[in-house]
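Below is one structure, written out as structure tokens; the observations come after it.
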Amino acid sequence: MEEDLDLLQEATQEAEAAEDSHSLYEVKMKFLGRTGKVTALLKGMKELAQEARPAFGKKVNALREALEEKFAALEEKIKAKELQKKLKSEDVDVTMPGRKHREGTLHPVTRVKDQLIDLFAGMGFEVFEGPEIESDYYNFTALNTPADHPARDMQDTFYLTEKFLLRTQTSAGQIRVMEKKKPPIKILSPGRVFRSDDDATHSPMFHQMEGLVVDRHITLCDLQGMLDEFAKKMFSETSKTRLRPSYFPFTEPSVEVDVSCASCGGKGCPLCKGTGWIEVLGAGMVNRKVLENCGVDPDEYSGFAFGMGIERIAMLKYGINNIKLLTENDVRFLEQFKD
Ligand code: DAH
């Protein structure tokens, strides 16, 4: 057993050979751990004669202390070496040129949509988004446009089946909202719509923004007041609106809304074709039949609705003369829409 006290040299050799803190820890456990060699010496002490034990115990303790010191010193050295290595591997050359990030811009349709939502949300409107595939009922019939109604010809429709179609107007959302929610209602419904139509100002897919307000005592004056506010915020502080009689099956009376031309201030120019006014949206008082179709009592409630083409607003606002530019994905065009 006395020879075993010579563990100091063996342990020191092994510890000094350890290359990292993990292997050093393993050597430490081999000697000082719970099942380590030094610990085993202490445990074996009971086999010695009673009188030999104190001296032996003292020697083992001295050995343990010496080893602990040794390990602590080596551990410190290894840790410092490892830290240096880590710092070196994480070294950053701050003189390297950085990578350039090209900043994108929001699409003009997205910009106008966001501006419209902001503007109307400020007047208390909530956003409701309906489905792009609609049933004939929501897109037409419930909006007072039954099959064979001549107004169906106003919009060239993509039918998917006899019953389902790609919605031609966000007005379908009005029905979905009124079926679910009791007045007061104040919603805004943006989204894509589809029509078989294609020229410089029409595209088979475009975006609309629908608005619907239903409550007690709503009048056409409320509609015009709100539209004036819209025109001022969207176009110019001096913009005015005017209502012209029109026809939509789901409103009675129906109006077409013009905004004074922001380009010439109303004097007349090529943009407004010399009239001083530009048509921007359709609107009207919600037809009693539409309210009835949704279970809203038309003797108690009234409402107004409006629908505008987002591309059209974007084209007027930014002076874009061909709707195709909005879907061609030409970066040179899109880059121009920065704040
Ligand atoms: N849905 C109509 C269209 O696509 C626009 C419209 C007109 C919406 C009058 C309305 C409205 O809500 O009241 O041409």
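At a glance:
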{"quantity": "Lysines whose Cα lies under 25 Å from that of residue 267, excluding same-chain neighbours fewer than 8 positions away", "calculated": "232, 233, 240, 317"}
{"quantity": "Simple label model, 7 Å out from Cα along Cβ direction - residue 107 to residue 232, nm", "calculated": "3.2"}
{"quantity": "Among 281-289, 30-38, the order from most to least packed when residues are scored by Cβ within 10 Å on average", "calculated": "281-289, 30-38"}
{"quantity": "Relative frequency of Cα-Cα separations exceeding 39 Å in the chain, percent", "calculated": "46"}
{"quantity": "Cβ-derived FRET efficiency at R0 51 Å, residue 335 paired with residue 75, nearest 0.05", "calculated": "0.30"}
{"quantity": "Given the chain, longest segment not containing exposed loop GluC sites (Glu not before Pro) (DSSP; at most 11 other Cβ within 10 Å)", "calculated": "163-236"}
{"quantity": "Gaussian network model of the chain, Cα within-10 Å springs - most flexible of 15, 172, 151", "calculated": "15"}
{"quantity": "Alpha-carbon centroid distance for the pair segment 191-257 / segment 122-190, whole angstrom", "calculated": "15"}
{"quantity": "Cα gyration tensor shape for segment 149-249, rounded if a/c is under 1.5, else prolate or oblate", "calculated": "oblate"}
{"quantity": "If the convex hull is drawn through the Cα atoms of segment 181-295, its volume per residue in Å³", "calculated": "130"}
{"quantity": "Ranking of 294, 272, 221, 264 by count of other Cβ atoms within 10 Å, fewest first", "calculated": "221, 264, 294, 272"}
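Read the figures in this text as sums done on the coordinates, not as results from a lab. All values reported here derive from a predicted model rather than from experimental measurement. All Cβ positions, glycine included, derive from the backbone under ideal geometry; neighbour counts span all protein chains shown.
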